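Accompanying notes for the structure given below.
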Amino acid sequence: MTRGFSKERLARVRDVLAGHVEGGAVPGLVAAIVRRGEIHVEAVGQMAIGGSPVGRDAIFRIASMSKPVTAVATMILVEECRVRLDEPVDRFLPELADRRVLTRIDGPLEDTVPADRPITVRDLLTFGLGWGILMVPFGTYPIQRAMDELNLAQGPPAPAKTPAPDEWIRRLGTLPLMNQPGGSWMYHTGSDVLGVLVARASGQPFEEFLRQRIFEPLGMVDTGFSVPAAKIDRLMTAYWTDPATGAVNVADEPAGGQWSAPPAFPSGGGGLVSTVDDYLAFAEMLLAGGHHRGARIMSRPAVELMTSDQLTAAQRAAIDFTPEYWSTHGWGFGVSVVTRRHDLSGVGTYGWDGGLGTTWRNDPGEEMSTILLTQAAFTSPVPPPVCADFQTSAYAALTD
């Protein structure tokens, strides 16, 4: 027995993951479990179908696991009093001042009323700004079609298609809000807006701020918005599954793909790539109350605020994410938070998933972080069985 782990049961984790690879659910993966400083890493499968074996240093597109990183960047500026949680964003984002709001979500873009109040920084962090990805098929409503036509990053990450930050925020500002500020949780768009806010409030490009204030202090040497040529052979080939036919298709190649060059728009909502060891450093920083390897990134109270449920009952009632999601979860700043025990993870567990095939959770009660990185995109907002089985087998390995 190690620090609260059973060695025999840890071996089962690899068996479970290998079963998903052998069954064709994912071509390859890297998984990590860390508890009280002890790290267990498994690399299983191939970099691409029929390709070379996956290494521990493989680079993955982590998609929405970018959101917690963006939230931390914002909280750094909050702690330095360069932005304030409850101030309007107008000071840095004048394009979003004087909002109008659709009278109904399926209505014409011209049918609007004035916003009850300005959008605040807190609204961006909690996804209460009034814009977001709707859990209905793309193109269902006029506002969805308008956002898609303006290339406002409302679908899977597509770095090559999204305009530069100033143009992106200008385009967003031409549209009405879907809901009143603070009225409803709406997924994703708040994190992309935060990337623009961080850049303007800090006076430096978003990607540079992340590098200087988070990645370099934590030793996250392989995390960024693109992969340099010298490392491109470590980037996994990305796949997606056609839900109608079940066919597995290549979504993005490493060489010449969308992450092979710096994007015009560094997406705080879904643009980062990373490795298991890099993201573990980030996860451990949060689990330790804001510091890691001698680097203090944020204060303990800031971490506690970020990782506690911030939603009101009205915000939960206004829109659901997946069926019954809010009965067991809340939302902090860029992370989901377990509010009622419904599986082996404890109340207070927080983290998030990346729709291109990744998942991460911190469980403060167990002093444990779990990370699973694959290159197979999810086929629905609910993570696939490989994610659930990884979490279950990780908890099953605990002995204390």
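The values are calculated or read from the model by the stated rules, or taken from the named source; none is laboratory data. The structure displayed is predicted, hence computed values, not measured ones. No Cβ is skipped: glycine too gets one built from the backbone with ideal geometry, and neighbour counts run over all protein chains shown.
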Selected residue (only one of Arg316, Arg296 is more than 18 Å from the chain's Cα centre (by Cα) and either within 30 Å of Leu235 (Cβ to Cβ) or at pLDDT 95 or above (or both)): Arg296
Test: residue in segment 39-46 that is touching a residue at least 60 places away in the same chain (Cβ under 8 Å) and closer than 18 Å to Thr392 by Cα: yes
Options Ser202, Ser260, Ser226: the member that is within 18 Å of the chain's Cα centre (by Cα) and closer than 28 Å to Glu167 by Cβ: Ser226
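For segment 336-351, how many residues meet the condition of being in a loop (DSSP other than H, G, I, E, B) and not charged (D, E, K, R)? Walk me through it before giving the result.
Residues of segment 336-351 in a loop (DSSP other than H, G, I, E, B): 339-349.
Among the residues that remain, those that are also not charged (D, E, K, R) are: 339, 342, 344-349.
Matching residues across segment 336-351 total 8.
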Failed condition for Val193, given (1) at pLDDT 95 or above; (2) surrounded by fewer than 20 Cβ atoms within 10 Å (Cβ to Cβ); (3) part of a helix (DSSP H, G or I): (2)
Residue check, Trp326 outside any loop (DSSP other than H, G, I, E, B) and under 21 Å from the mean Cα position of the chain (by Cα): yes
Filter pass, Ala264 being surrounded by fewer than 23 Cβ atoms within 10 Å (Cβ to Cβ), farther than 25 Å from Gly289 by Cα, modelled with pLDDT of 95 or more and of a type in the set (A, V, I, L, M): yes
Every residue from segment 15-30 that is acidic (Asp, Glu) and surrounded by 20 or more Cβ atoms within 10 Å (Cβ to Cβ): none
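Residues checked against (1) modelled with pLDDT of 95 or more; (2) out of contact with any Gly (no Cβ under 6 Å at 6 or more places or on another chain); (3) assigned to a loop (DSSP other than H, G, I, E, B); (4) of a type in the set (Lys, Arg):
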residue: Asp309; (1), (2), (3), (4): yes, no, yes, no
residue: Gly334; (1), (2), (3), (4): yes, yes, yes, no
residue: Leu356; (1), (2), (3), (4): yes, yes, yes, no
residue: Thr370; (1), (2), (3), (4): yes, yes, no, no
Helices (runs of 4 or more DSSP H) within segment 73-174 that include 3 or more residues buried (at least 20 other Cβ atoms within 10 Å of the Cβ), modelled with pLDDT of 95 or more and within 19 Å of the chain's Cα centre (by Cα): 121-126
Residue match in segment 239-257 (condition: crowded, with 21+ Cβ neighbours inside 10 Å and within 18 Å of the chain's Cα centre (by Cα)): no
Residue check, Ile33 buried (at least 21 other Cβ atoms within 10 Å of the Cβ) and either of a type outside the set (D, E, K, R) or in a loop (DSSP other than H, G, I, E, B) (or both): yes
In segment 372-390, the residues that are in contact with a strand residue (DSSP E or B) (Cβ under 6 Å, 6 or more places away or on another chain) and assigned to a helix (DSSP H, G or I): Cys387, Phe390
Residues of segment 222-259 satisfying the condition of being more than 18 Å from Met65 (Cα to Cα), of a type in the set (Ser, Thr, Tyr) and not in a loop (DSSP other than H, G, I, E, B): Thr241
Cβ-Cβ under 7 Å pairs, at least 6 apart or on other chains, segment 203-220 side at positive phi, far side modelled with pLDDT under 95: Gly219/Arg293
